[in-house]
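Trainee: Below is one structure. I have some questions about it.
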Amino acid sequence: MTAPGLPMAVQAEGLPTRVRIHEVGARDGLQNESAVIPTGIKAEFIHRLAAAGLPLVEATSFVHPKWVPQLADAEQLFPMLDDLDPHRLPVLVPNERGLERALALGARRIAVFGSATESFAKANLNRTVDEALAMFAPVVQRARDEKVHVRGYLSMCFGDPWEGPVPIAQVVRVCRALLDLGCDELSLGDTIGVATPGHVQHLLAALNEAGVPTSRLGVHFHDTYGQALANTFAALQHGVTTVDASAGGLGGCPYAKSATGNLATEDLVWMLHGLGIETGVDLDRLTETSVWLAGVLGRPSPSRTVRARVQPAQSPKE
């Protein structure tokens, strides 16, 4: 076990004093599992994450069950979270039908998910980039009419498994288009985990030059090459204060097989607390939650913080 009082908080100059963690484990993490997780387990997972202090816990996705069968129980799951503030429970919606389903259950934060590249737009949405944007337009407008917060996810911002490098100008164009549709915030996705810190800072600077304020940007890094924390630090240096992460490092992408797990929330919290940055997250409770879920899934957590803080005798059990 880690000695009490660690990590020692040592502030670095020029960083935010507080970061909002957007927890994606219950949606982005579980959607990539080969087995379908029981709805009750999902509900308990979300409740545990909320109790650990995660301000936003992405609950599910209102997509057609044919495309993401692991999240086919959205209508059953969301009512099981009635005791939680719906403003803390974002959900993904792919189209107007998905939005209708979400609104009927009282969702107050929704997200649409686009792509910076044509190849992934075709694989994920069976549309071109511009066709996807056109599909999102009435969704975003209806959400805004209902005073529902809208997040725009943008995948493949740093590299694409089919196209390779993605020009920064191409990413900026789609980001600008999503904001022009009416999205309240954007999440920049490193879907296959190929970003490096300099690339992150250049993209953020280019977005600022195009009139996209840093305050409306979040980052979403996968840890394929072990760069997620370094990339997050680069984003913090630029002033980003919203970071996506997944408890236990769960996740990937069903439409991009080279995408490995997300940045582990525990690893992110350990770094942020060591930098003296407030998160509102109880690291002990978060670690316990990831250990519990690892037992449910029947495999150890890939989170380095979980492994470091749990002795072999306390290895994950169901």
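Trainee: Considering only residues that are among the hydroxyl-bearing types (S, T, Y) and farther than 22 Å from R20 by Cβ, which ones fall in the stretch 164-216?
Mentor: Residue satisfying the conditions is T196 alone.
Trainee: Taking only the stretch 295-318 into account, find how many residues are among the hydrophobic types (A, V, I, L, M, F, W, C) and modelled with pLDDT under 50.
Mentor: 1
Trainee: Which condition breaks for L188 when tested against (1) open to solvent by 10 Å² or more (accessible area, probe 1.4 Å); (2) of a type outside the set (D, E); (3) in contact with a Cys (Cβ under 9 Å, 6 or more places away or on another chain)?
Mentor: L188 satisfies every listed condition except (1).
Trainee: Please specify each residue of the stretch 31-63 satisfying the condition of being more than 20 Å from R108 (Cα to Cα), touching a Lys or Arg at 6+ places or on another chain (Cβ under 8 Å) and in a loop (DSSP other than H, G, I, E, B).
Mentor: Residue satisfying the conditions is A52 alone.
Trainee: Still on this structure, I have one more. Within the stretch 171-203, take every residue that is touching a His at 6+ places or on another chain (Cβ under 7 Å) and β-branched (V, I, T) and give me the one that is nearest to R216 (Cα to Cα).
Mentor: T191
Trainee: Taking the conditions exactly as written (open to solvent by less than 30 Å² (accessible area, probe 1.4 Å) and closer than 26 Å to N32 by Cα), does A195 satisfy them or not?
Mentor: Yes: the conditions hold for A195.
Trainee: Another one. Tell me yes or no: at least one residue of the stretch 112-129 is part of a helix (DSSP H, G or I), open to solvent by 70 Å² or more (accessible area, probe 1.4 Å) and among the charged types (D, E, K, R).
Mentor: yes
Trainee: Still on this model: Every residue in the stretch 41-92 that is among the β-branched types (V, I, T) and either crowded, with 16+ Cβ neighbours inside 10 Å or free of Cβ contacts under 8 Å to residues at least 12 places away in the same chain (or both), please.
Mentor: Scanning the stretch 41-92 gives I46, V57, T60, V63, V68, V91.
Trainee: Which condition does V281 not pass, out of (1) surrounded by fewer than 17 Cβ atoms within 10 Å (Cβ to Cβ); (2) of a type outside the set (F, W, Y); (3) at pLDDT 95 or above; (4) assigned to a loop (DSSP other than H, G, I, E, B), if it passes all the others?
Mentor: Every condition holds for V281 apart from (1).
Trainee: OK, next. Would you confirm, using the coordinates I've provided, whether T260 is modelled with pLDDT under 95, of a type in the set (V, I, T) and open to solvent by 50 Å² or more (accessible area, probe 1.4 Å)?
Mentor: Against the criterion (modelled with pLDDT under 95, of a type in the set (V, I, T) and open to solvent by 50 Å² or more (accessible area, probe 1.4 Å)), T260 qualifies.
The values are calculated or read from the model by the stated rules, or taken from the named source; none is laboratory data. Just so we're clear, the structure is a prediction, and the values are computed from it rather than from any experiment. Every residue, glycine as well, gets a Cβ built from its backbone with ideal geometry; the counts of neighbours run over all protein chains shown. Ligands, DNA and RNA are stripped out before the accessible areas are found, and what is left, the full protein with its side chains, is counted by its heavy atoms. Shrake-Rupley method; radii C 1.70, N 1.55, O 1.52, S 1.80 Å.
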